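Structure, as structure tokens:
A short reminder: the numbers here are calculations on the coordinates, not readings from a lab. The shown structure was predicted, so the numbers you read here are calculated from the model rather than taken from an experiment. Glycine gets a Cβ as well: all are built from the backbone with ideal geometry, and neighbour counts include every protein chain shown.
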Ligand SMILES: [Zn+2]
């Protein structure tokens, strides 16, 4: 029995999403077929919009709406990157723009940021080039930076990325720190997994 070529093309297109294989993509495509046409067209319009109306800040890599003057500076970069009262000696490296917003809203950190395009993942074909290490090197070469704070996640990929960036900074004579991981606030030790407890224990600090 012949299958719909157009639907198969959609399935193929959906597999570019992270963690989505052929089976999941097929379920998504069937779900879209069963959805209200307006909802499906709305999704299609939103996908088109991000290709024409959103771009990355060329300095830090967070995403900006081209139509929103409150997000952009006159040079087209984000407002945060040109804020003058920030500490130019510090740069915090994250794996996602979402982490920048979280850190900026939750801490008193006043340095600058750099967003990698995700983490290293050789099995998925994601090496240093794919995650934007060259952009990071360009940034480090400009000097001024004295401390680089690694804020990638504690997954295997996040740790590998953190390690790679740490090695990279040797030639720039920059102090490197890693955000601490461990016991959550109000957390009881009995509910935590042994990896988390082990990490927290090894990263203990003197009081
Ligand atoms: Zn920026």
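Things worth noting here:
- Overall form of the stretch 5-52 per C-alpha gyration tensor (a/c, 1.5; a/b vs b/c): oblate
- Here the contact order of the stretch 84-202, divided by its residue count and restricted to Cα pairs under 8 Å and six or more residues apart, works out to 24 percent.
- Against the chain, whose longest principal axis comes from its Cα atoms, helix 22-34 is set at around 60 degrees.
- Under the simplified labelling scheme, the residue 31-residue 144 pair shows an inter-label distance of 4.4 nm, with each label point 7 Å from Cα along Cα→Cβ.
- Cα centroid separation, the stretch 127-149 to the stretch 165-207 (Å): 22
- Cα point-scatterer Debye curve for the stretch 47-140, base-10 log of I(q)/I(0) at q = 0.14, 0.17, 0.20, 0.22 Å⁻¹: -0.55, -0.81, -1.07, -1.23
- Counting only DSSP beta bridges with both residues in the stretch 84-202, the antiparallel share comes to about 5 percent.
- For the chain, the mean residue ellipticity at 222 nm estimated from helices alone is -12000 deg cm²/dmol, where every DSSP H run of n ≥ 4 contributes -39500 (n - 2.57) and the total is divided by all residues, rounded to the nearest 500.
- Alpha carbon convex hull of the stretch 84-202, projected area averaged over orientations, nm²: 8.6
- Multiplying the residue separation of residue 154 and residue 16 by 0.36 nm and subtracting their alpha-carbon distance yields 47.3 nm.
- Rounded tilt (10° steps) of 156-169 against the dominant C-alpha axis of the chain: 50
- For the stretch 1-105: rounded, prolate or oblate by the Cα gyration tensor [a/c cutoff 1.5]: prolate
- Shown is the FRET efficiency for residue 3 and residue 130, computed with R0 = 35 Å from the Cβ-Cβ distance and rounded to the nearest 0.05: 0.60.
- Spacing of the two label points (7 Å from each Cα toward its C-beta) at residue 193 and residue 79, in nm: 3.9
- DSSP beta bridges confined to the chain are antiparallel in about 30 percent of cases.
- Kirkwood estimate for the chain, i.e. one over the average of 1/r between Cα atoms, Å: 20.1
- Judged by the gyration tensor of its Cα atoms, with axes a ≥ b ≥ c, the stretch 129-181 is oblate; a/c meets the 1.5 cut and b/c is at least as large as a/b.
- Principal-axis tilt of helix 97-106 within the chain, Cα atoms, nearest 10 degrees: 50
- Using a cutoff of 8 angstrom between alpha carbon atoms and counting only pairs six or more residues apart, the relative contact order for the chain works out to 12 percent.
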